[in-house]
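Input: a single structure, listed below in structure tokens.
All of the numbers you see were taken from the coordinates with simple rules; none came from a lab. Bear in mind the structure is a predicted one, so any value in this text is a computation, not a measurement.
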Amino acid sequence: MLRAIGQAHAVRPSGQLPRIATPPTPPWDGYVSQICAAYHQELGADLLSVALRGSTVRATAVIGVSDLDLVVVTGRKVMELDPPHIIAAPDLEVENAMATETELLEDPRFEWLRFNLAFCGHTVWGKDYVSDLPEPVLDRAAVGHLKSADAWLAQWPKMMQDAPDKQERQRICVWLMKRVVRSLFESVMLKEGAYTRDIYPCADLAARHYPTQRGAIFAAAELVVSPTAEIGEIEAALAPLKPTLIAAKDAFLAEAPASAIRA
């Protein structure tokens, strides 16, 4: 069941957001240590840094629901890494965002990742790139999912069809509904002058701007914590929100680039 966990952080008069990450606590710190040790054993000197982001460094993680979101920085291009099996948490999902040092620091494609790390990233292994990143600013660069809504809305049915089992279909449901709820929030966050990645406040703030769809928004948010493996149930949850998502995406792309918010 979805719980009222997390908060939206108001933009400062400078246009900047606070850096909110804190070191992971048990059991998350132990899981991360095991994963970093395995990655170091596999990559050796090519592993430069590992940073943790997401609910486990925002103090909003829920055991059995939350996953580990890692940013792995390498000296050479590495496309993917397979996380080790965590005996104490066999169903733990681990997501790796892979980047070379140059990509992380300079590549325009990684602009949102730099913002996200500055806002809620914490270095757990190796060089601390996070502390040297520019302060997080609430502007159009803070939009992560909304601008590519067409792509992931078209992608998920094929992903479901190709999924080998129920667990993978449920994982895709979570992946999709996180994007739905966060994208709806992204469409209003500049008006709100606040930022969050936590699902409940994302849903709550989005629903204030789309009051007639409040029930549908919270139904999508509920599927993040209680996912379904049934395509029909996902389609039913998505149907009332898809036109709003597309309209919000089109409006965002049509707007001229805006400077950072000033509160």
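Straight-line cross-link reach from K249 at under 16 Å between alpha-carbon atoms covers these aspartates and glutamates, not counting any fewer than eight positions away in the same chain: D139, D150, E186. The stretch between R3 and D29 holds 7.0 nm of extra length on full extension. This uses 0.36 nm per residue minus the Cα-Cα distance.
Rg and Dmax, both from the Cα atoms of the stretch 112-229 and both in Å, are 15.9, 48. The structure shown yields Cα Rg over 2.2 N^0.38 Å, and of the options [x] 1.00; [y] 0.95; [z] 1.28 that calculated value carries the label [x]. Answer rounded, prolate or oblate for the stretch 94-158, using the Cα gyration tensor with square roots of eigenvalues a ≥ b ≥ c: rounded when a/c is under 1.5, else prolate when a/b is larger than b/c, else oblate. It comes out prolate by the Cα gyration axes.
If the chain linking A247 and R12 were pulled fully straight, counting 0.36 nm for each residue of separation and taking away their Cα-Cα distance, it would gain 81.7 nm. Does the stretch 1-140 come out rounded, prolate or oblate, given a ≥ b ≥ c as the square roots of the eigenvalues of its C-alpha gyration tensor, rounded meaning a/c under 1.5 and, failing that, prolate meaning a/b above b/c? Oblate, since a/c reaches 1.5 and b/c is not below a/b. When the chain is treated as a Gaussian network with alpha carbon springs shorter than 10 Å, the biggest mean-square fluctuation among C202, C120, C36 belongs to C36.
Beta bridges assigned by DSSP with both partners in the chain are antiparallel in approximately 65 percent of cases.
Counting only residues at least eight positions apart within a chain, or on another chain, the lysines with an alpha carbon under 22 Å from that of K127 are K77.
Multiplying the residue separation of S131 and H85 by 0.36 nm and removing their Cα-Cα distance gives an extension gain of 13.6 nm.
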